[in-house]
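The values are calculated or read from the model by the stated rules, or taken from the named source; none is laboratory data. Given the structure is predicted, the values throughout are model-derived calculations rather than measurements. A quick note on method: Cβ atoms are made from the backbone with ideal geometry, for glycine too, and the neighbour counts reach across all protein chains shown. Remember, those area values only see protein heavy atoms, side chains included, never the ligands or the DNA or RNA. Shrake-Rupley method; radii C 1.70, N 1.55, O 1.52, S 1.80 Å.
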Amino acid sequence: METLFIADDEFAIREGLKCIIDWESLGFKLCGEASNGEDALTQILALNPSLVLLDVKMPKLHGTEVIRLAREAGFHGKCIILSGYSDFKYAQEAIKSGVRFYLTKPLDEDELYQAVSEIRVLIQSEKEHSEHLTALKNRAKSVILYELVTNTLSAPLTAEDAENLRLTADSYQIVICEDFNKRSATAPYTFAELLKVTNKENNIFEHIEADNKDIVLLKGTHGLNKLADFLEHFEHQPLQKGSPMGSMFITYGRPVSSLQDIHLSYEDASTLLGRRFFCAQEQHALGYEALPAELSKNAGDSSQEKILVLNEELASSFTNRFIDFIQSYNRKMVVATLSELEDTMSQVSDDINTIKLFLTDIYLQIRERMNRNYASAEIPFAANSTVIDFINSQNYLYEIIRFLSEQFEMIMNATGNPSRDTILDDVLFYIDHNFKSNIKLETIAPLFGYNSAYLGKIFNKTVGESFNSYVDHRRIEHSKQLLLENKLKVYEIAEQVGYKNVDYFHKKFKKYVGESPAEFRKQMEPGQSDD
């Protein structure tokens, strides 16, 4: 529905104009009225009506002056000038302000109806044209953005191009959003809500859909900092029930400082999307830091790291070690080797299907050897085809590792050592050797054949503190040793003991020690320099 504004100094005329024709049938609804020129001008600029019926001779400002000033202030609506005078000079002034209709009083009903009908058609035509132009601009910008992130532009964007496209910024970063269950068309909006940003006029980020992906281009320090804050929050805070992050998975590439390098960030994020298989349980974000060195595509990187390739020799090595530990009922080393196997798989350059075949091969070799060595044990293995189908159907590496853990435990129980009296010692052994990584109760409990809630209760009751508290104590104790050695800076020590965020490490250290890391170092080593 379009809006109508009426301005005339006579009340009776204003009331008559409201009733003279059926405005609603023509698609108009009254939004305001005025009895003098100054009030009319103020309301027209505030209400921005689609159509104004404007009397020429009004107190304070004439109608032609009102429309002239309104046009100068940016008003683009339509106007019909009404006058009791037939003097052509008023029509001339109205025409200069873009007024196409000039009607004399007393108004002819049919003449007004015809004028309003024409204006309604004109408004609709202009809207359609404007929407078409906007759609074309958006489509053109989407094409440019796609070519920018995929490095397929025929020529680099100039500074003027970047300014016109609102792409000028001091830094950029690509984020790809994906729904865990299905691709969501609303992902970028959910993403904006998660970052708690108002993306007015696309100042913070741009969004395009390409290659069946929702691609977000963050722009400027503010946008990149918002992503960093968001990631830090979800690293230290468990997901709340019903959180939109519960079904979202995001990958993000490296930050870059120029438009020409945006494709590098996109390549990172796109590659990581294919590595969701390596995510931990309940992990919803994967960043460029997690890319194996040979996949990171760092221009000018001179490092010559050896690329790990899956082969029969590596499979036999893991197979033999697992069999030795299983036959000696060394659960500690079974768990440690499973952890090593998981880490190795995340560092190879082979595709996911090849990795699944590699893990299947290890399992089937172990099965064949154990069946041969313990023929009378009647180990309850599933059929080969069932195992192959199961491993192939898993979406995550941790699911396959958990399956292997359960199978190895089943073998040990079936071959003569069902006792689990020392299981907590195994857990403590694992923590003491893995606290430097991001270990969580819910991810290690399945490795020992427990659910996290039950293992947490046993742990708390036996050890006298919670799992997380014990891990923090081990980290802090090790950090104290490193601080006394005085070879590393505080932020380096934080990383070495498992805290990615140095401020979070400071808080934990002060909580358990009663002073900051720097104060502890200064107190214990008074002759050493401060960090």
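In table form, for the structure just shown:
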| quantity | calculated |
| --- | --- |
| Pair-distance profile P(r), taking every C-alpha pair of the stretch 335-382, with 5 angstrom steps and integer % | 5, 17, 22, 20, 17, 11, 7, 2, 0 |
| Nearest-0.05 FRET efficiency for ALA518 and ALA159, computed from C-beta distance (R0 35 Å) | 0.20 |
| Whole-Hz ³J(HN,Hα) from phi, Karplus 6.51 cos²θ - 1.76 cosθ + 1.60, for the stretch 500-517, glycine and proline x | 6, 9, 5, 5, 5, 4, 4, 4, 5, 4, 5, 5, 8, 9, x, 8, 6, x |
| Base-10 log of normalised Debye intensity for the stretch 302-389 (one unit scatterer per alpha-carbon) at q = 0.19 Å⁻¹ | -0.97 |
| Backbone HN-Hα couplings from phi across the stretch 394-410 [Karplus 6.51/-1.76/1.60, Hz, Gly and Pro as x] | 7, 8, 9, 5, 4, 5, 6, 4, 5, 4, 4, 4, 5, 5, 5, 5, 4 |
| In order through the stretch 381-391: 3J(HN,Hα) via Karplus (6.51 cos²θ - 1.76 cosθ + 1.60), integer Hz, x for Gly, Pro | 6, 7, 4, 3, 4, 5, 5, 4, 4, 4, 4 |
| Per-pair calculated FRET efficiency, R0 = 45 Å: GLU38 and GLU282 via Cβ, rounded to 0.05 | 0.10 |
| Compactness of the stretch 437-499 - radius of gyration and Dmax, Cα, Å | 14.2, 41 |
| Accessible area per residue in Å² at 1.4 Å probe, computed on the stretch 343-495 | 50 |
| Normalised convex hull volume, the stretch 36-85, alpha-carbon set, Å³ per residue | 59 |
| Where labels lie 7 Å past Cα in the beta-carbon direction, separation of ALA375 and LEU122 in nm | 10.0 |
| Violating pairs (Cα-Cα greater than 24 angstrom) within the set LYS127/LYS213; LYS127/LYS219; LYS436/LYS510; LYS332/LYS510; LYS356/LYS457 | LYS127/LYS213; LYS127/LYS219; LYS332/LYS510; LYS356/LYS457 |
| Loop-located GluC sites (Glu not before Pro) in the stretch 331-432, at most 14 other Cβ atoms within 10 Å (DSSP) | GLU378 |
| Efficiency of FRET between ALA453 and ASN203 - r from beta-carbon atoms, R0 51 angstrom, step 0.05 | 0.65 |
